[in-house]
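A.B. asks: Before I ask anything, let me first share the structure, which is written out below as structure tokens.
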Amino acid sequence: MGPNEFDPQRSLQVLHMTVFSQSFSPCGKFLAAGNNYGEIGVFSLSAALGPEATEDSKMPIVTFKAHDGPVYSLLSTDSQLLSAGNGEVRAWNWAELVKKVSVGLGALGEVDNSLLMAGGDNKIHVMDLESGDFKMVLEGHSDYIHCLALRDSAGECLSGSEDGAVRIWDFRTGREVHSIEVFKYQECSRPQYGKYISCLTTDSDWMLCGGGPSLSLWHLRSVTPTTVYPVPGCQREACFHQDLVLSVGDGPFVSHCHLSGDVKARIPCTPPSLYSMRLNYSSQEHRVLSVAGSSQN
């Protein structure tokens, strides 16, 4: 089929496409995005955001099949792009991906040269990135693990699950430090949405989490919720940015909230439902916020 010929199958795929995951390259010049068809597309930020950008320059500069099922999570290390699919994690060298450009699971986390993987078996698996050997398994959740977060200052890892708990682990010993059943706190509970935790992030002694329960800010030393955010629907990604909390989920907008709980703004987006949000801190030239979700159909 020629480059200008109509491909009905691909048109239907685009119509029903959902982007589940994103990751910026270590240099901050490229963005990788993974979809429900197991594909990863790599975009050039300078081409897509430049003053002479066209519709063609906003397309992926390289696309490849990574998994048979959806690409649920992407993570960049100093040299590699890691992707998680159904029961497998694969690694791609950024240098090779960029070279291709020049010639034409649930959840992942990285700490201390180790890769943390979690998903449908309710466990967190810790793999040494140099040897490829699994050196630890963290067990305690009773259902699917949706998200991981690292608290480097305390040597801890946090996990959020379908079982409604956020568990805090000592990464050095593999022992569980604490379990927070967020849905049992009246100010956070929303039984109509369920109890699962789908987003989780930390900043020193503070934690953001949400999903079925409302998006909420917690003080980890006292293990108490300090702020509950009036954000509608279930949130799938959240992060701290300067003195703000950013989140995405059900609905075509990015919520900007003050730490105190007031909603500063809701920025409209094209996708009717959002699954992924990333801030590019690696490039001064392209310091952007990227969000992704389902197609308009």
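A.B. asks: Ignoring ligands, DNA and RNA, what accessible area per residue does the chain give at 1.4 Å, in Å²? Walk me through the intermediate numbers first.
C.D. replies: Values: 14450 Å² over 297 residues.
Ligands and nucleic acids excluded, the figure is 49 Å² per residue.
A.B. asks: Ordered by residue, what ³J(HN,Hα) values in Hz, to whole numbers, does region 271-281 give under the Karplus form 6.51 cos²θ - 1.76 cosθ + 1.60, where θ = phi - 60° and Gly and Pro are x?
C.D. replies: x, x, 9, 10, 10, 9, 8, 9, 9, 9, 9
A.B. asks: If we sort 123-132, 232-241 on the protection proxy, mean other Cβ atoms within 10 Å, highest first, what's the order? Mind dumping the intermediate values first?
C.D. replies: Details: 123-132: 14.9, 232-241: 19.4.
In descending order of packing, they fall as 232-241, 123-132.
A.B. asks: From the convex hull of the Cα coordinates of region 222-297, what is the mean projected area in square nanometres?
C.D. replies: 6.1
A.B. asks: For region 179-297, what relative contact order do you get, as a whole percent, if you take Cα pairs closer than 8 Å and at least 6 residues apart?
C.D. replies: Computed value for region 179-297: 15 percent relative contact order.
A.B. asks: If you don't mind, another one. If you put +1 on each Lys and Arg Cβ and -1 on each Asp and Glu Cβ, how big is the dipole of region 163-255 around its Cα centre, in Debye rounded to 20?
C.D. replies: So the dipole magnitude of region 163-255 works out to roughly 200 debye.
A.B. asks: Please compute the modelled spin-label separation between residue 244 and residue 289, points set 7 Å along Cα→Cβ, answer in nm with one decimal.
C.D. replies: 0.4
A.B. asks: Heavy atoms of the protein only, probe of 1.4 Å, neighbouring chains included. What is the accessible area of residue 206 in Å², nearest 10?
C.D. replies: Spelled out: residue 206, probe radius 1.4 Å, area about 100 Å².
A.B. asks: Stokes-Einstein diffusion coefficient for the chain at 20 °C in a medium of 1.002 mPa s, Rh from the Kirkwood formula over Cα pairs: what value in µm²/s? Mind dumping the intermediate values first?
C.D. replies: Values: Rh = 19.9 Å.
Stokes-Einstein gives a translational diffusion coefficient of 108 µm²/s.
A.B. asks: How big is region 166-297 by Rg and Dmax over its Cα atoms, in Å?
C.D. replies: Cα-based Rg and Dmax for region 166-297 come out at 15.2, 48 Å.
A.B. asks: Another question about this same structure. Per residue of region 188-203, in order, report the coupling 6.51 cos²θ - 1.76 cosθ + 1.60 (Karplus, θ = phi - 60°) as ³J(HN,Hα) in whole Hz, putting x for Gly and Pro.
C.D. replies: Computed from phi, the couplings for region 188-203 are 9, 5, 9, x, 5, 9, x, 10, 5, 10, 10, 9, 7, 8, 9, 8 Hz.
A.B. asks: What ranking do 47-60, 272-285 get when scored by the average of other Cβ atoms within 10 Å per residue, highest first?
C.D. replies: 272-285, 47-60
A.B. asks: If I compute solvent accessible area with a 1.4 Å probe over the protein chains, what percent of it on the chain is carbon and sulfur?
C.D. replies: The nonpolar share, carbon plus sulfur, comes to 49 percent.
A.B. asks: Which shape class applies to region 23-91: rounded if a/c is under 1.5, otherwise prolate when a/b exceeds b/c and oblate if not, where a ≥ b ≥ c are the square roots of the Cα gyration tensor eigenvalues?
C.D. replies: Note, shape of region 23-91 comes out oblate.
A.B. asks: What number, rounded to the nearest 500 deg cm²/dmol, is the helix-based mean residue ellipticity at 222 nm of the chain, given -39500 (n - 2.57) per DSSP H run of at least four residues and division by all its residues?
C.D. replies: Values: 3 runs with 22 residues, N = 297.
It lands at -2000 deg cm²/dmol.
The values are calculated or read from the model by the stated rules, or taken from the named source; none is laboratory data. Bear in mind the structure is a predicted one, so any value in this text is a computation, not a measurement. Virtual Cβ from ideal backbone geometry, glycine too; neighbours counted across all protein chains shown. When the accessible area is computed, the model is the full protein with side chains, heavy atoms only, and any ligands, DNA or RNA have been set aside. Shrake-Rupley method; radii C 1.70, N 1.55, O 1.52, S 1.80 Å.
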